[in-house]
1. Any chance the stretch 70-80 includes a residue that's modelled with pLDDT under 95 and at positive phi?
2. Just to be sure I understand, how many residues within the stretch 37-61 are among the charged types (D, E, K, R) and without any contact (Cβ under 8 Å) to a residue 40 or more places away in the chain?
3. Being in a loop (DSSP other than H, G, I, E, B) and in contact (Cβ under 8 Å) with a residue 24 or more places away in the chain is the filter here; which residues of the stretch 62-101 pass it?
4. Across the stretch 50-65, what is the number of residues that are hydroxyl-bearing (Ser, Thr, Tyr) and farther than 13 Å from residue 109 by Cβ?
Amino acid sequence: MFHIRYSNTTRWISLLSLFLVGCSYTPDDMPKLAPVSGVVTLDGQPLPDAEILFQPKSGRASTGMSDENGEYTLLFNRNTYGAKVDDHDVSIITYKQFDQSLSKLTATVTEGDNVINLELKSKAKTK
């Protein structure tokens, strides 16, 4: 019988390797995804700092944030860009008010790159 001695460094490297392999795991049930980006505008002007949510008929939603130019890119999860290839209901969360009845908030994500611009209209001012 013989004993193998491991240094602390060897143990840490082994644990780190197992951790990294676990973090790079892609589930077998990952849906077909496609890249989605575009520009969000309100009355023709870029809408910054808006949260964009694409919700497919079933499964996980994809989200993104618009930058100062109204540009967004969707993330399916923390490490994966894109949205499920499917029809989506689109929600936009912003501090500015817009008329959802005048703004069609649906989108279809297809295979390949998708550029989906979202054009919103302000709520009519009441007198």
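1. Checking the stretch 70-80: not a single residue is modelled with pLDDT under 95 and at positive phi.
2. 2
3. Correct list: 66, 69, 70, 74, 82, 85, 94, 95, 96, 97, 99.
4. 2
Okay, residues lined up against (1) modelled with pLDDT of 95 or more; (2) within 23 Å of residue 32 (Cα to Cα):
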| residue | (1), (2) |
| --- | --- |
| 57 | no, yes |
| 94 | no, no |
| 105 | no, yes |
| 116 | yes, yes |
| 121 | no, no |
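Each row is one residue, and each column tells you yes or no for (1) surrounded by fewer than 16 Cβ atoms within 10 Å (Cβ to Cβ); (2) in contact with a Pro (Cβ under 8 Å, 6 or more places away or on another chain); (3) under 14 Å from residue 116 (Cα atoms).
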| residue | (1), (2), (3) |
| --- | --- |
| 47 | no, no, no |
| 54 | no, no, yes |
| 58 | yes, no, no |
| 67 | yes, yes, no |
| 70 | no, yes, yes |
| 73 | no, yes, yes |
| 76 | no, no, no |
| 79 | yes, no, no |
| 91 | yes, no, yes |
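The values are calculated or read from the model by the stated rules, or taken from the named source; none is laboratory data. Since we're looking at a predicted model, the values are computed, not measured. For neighbour counting, all protein chains shown are included, and Cβ atoms are generated from backbone atoms with ideal geometry for every residue, glycine included.
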